[in-house]
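Let me begin by presenting the structure, written as structure tokens, before commenting on it.
The values are calculated or read from the model by the stated rules, or taken from the named source; none is laboratory data. Not measured: the values here are computed from a predicted model. So basically every Cβ, Gly included, is an ideal-geometry build from the backbone, and we count neighbours across all protein chains shown.
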Amino acid sequence: MDIKVWMYVIYLAVSVGLTIWVARALSRNGQVFLEEVFADERLARAVNSLLVVGFYLLNLGYVTVAMKHPDPVLTTSQAMEELSLKIGLVLLVLGALHFFNVFALGRYRRNRLRQLATHPPIAPIGRLPMPSTPPGPQPVGAYPAGPHPAGGYPAGPQPTAPQQGTGPANNPPTR
């Protein structure tokens, strides 16, 4: 066999070996992450299996397409240079696929957590009535004698004495 054939054999062995090793590592260690993302163990296992299959298809497809080398390889140093370039590209593709998966699953997880988050409380639709103050001298620091906005009470309903038959039990809030 000539040098180019040996280069192809080594390239395939290293690339396929790296692909299998990375896929198993990602599958094993990504299971916990997927369970957190999907909040369902069965669904996480199914998605994990689908991701592994897609990973194999994409990466091994790239390995076979990138295997062809049109120029003749005459020396061992040329073979090593070409081999390192091809394996380096395989590693870059593996890394890019991994980061794309983590990015996409992270976005999915954030959106799911945002949907599950409790919404802020509804803004109040009115004010509770303030009790009326008895006539006579007011205690020091009480609202009417202390600093207050010009024109008496702040804008809004003026304080009135509570009336019989009113309150939250008898008057549910309307929207």
request  = Determine if region 10-18 includes at least one residue that is free of Cβ contacts under 8 Å to residues at least 12 places away in the same chain and either assigned to a loop (DSSP other than H, G, I, E, B) or in contact with an Asp or Glu (Cβ under 6 Å, 6 or more places away or on another chain) (or both).
outcome  = no
Scanning region 76-120 residue by residue, those surrounded by fewer than 14 Cβ atoms within 10 Å (Cβ to Cβ) and closer than 18 Å to Trp6 by Cβ turn out to be Thr76, Ser77, Glu81, Ser84, Leu85
Log entry, pairs with first residue in region 69-95 being farther than 18 Å from Ile20 by Cβ, second being among the small types (Gly, Ala, Ser) and not in a loop (DSSP other than H, G, I, E, B), beta carbons closer than 9 Å, six or more apart or on different chains, reads Val73/Ala79
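Checking the condition touching a Gly at 6+ places or on another chain (Cβ under 9 Å), of a type outside the set (Val, Ile, Thr) and modelled with pLDDT under 85, which residue from Leu128, Leu116, Leu105, Leu94 passes? If you could, list the steps in order and put the result at the bottom.
Working: Leu128 fails: touching a Gly at 6+ places or on another chain (Cβ under 9 Å); Leu116 fails: touching a Gly at 6+ places or on another chain (Cβ under 9 Å); Leu94 fails: touching a Gly at 6+ places or on another chain (Cβ under 9 Å).
One residue alone meets the criteria, Leu105.
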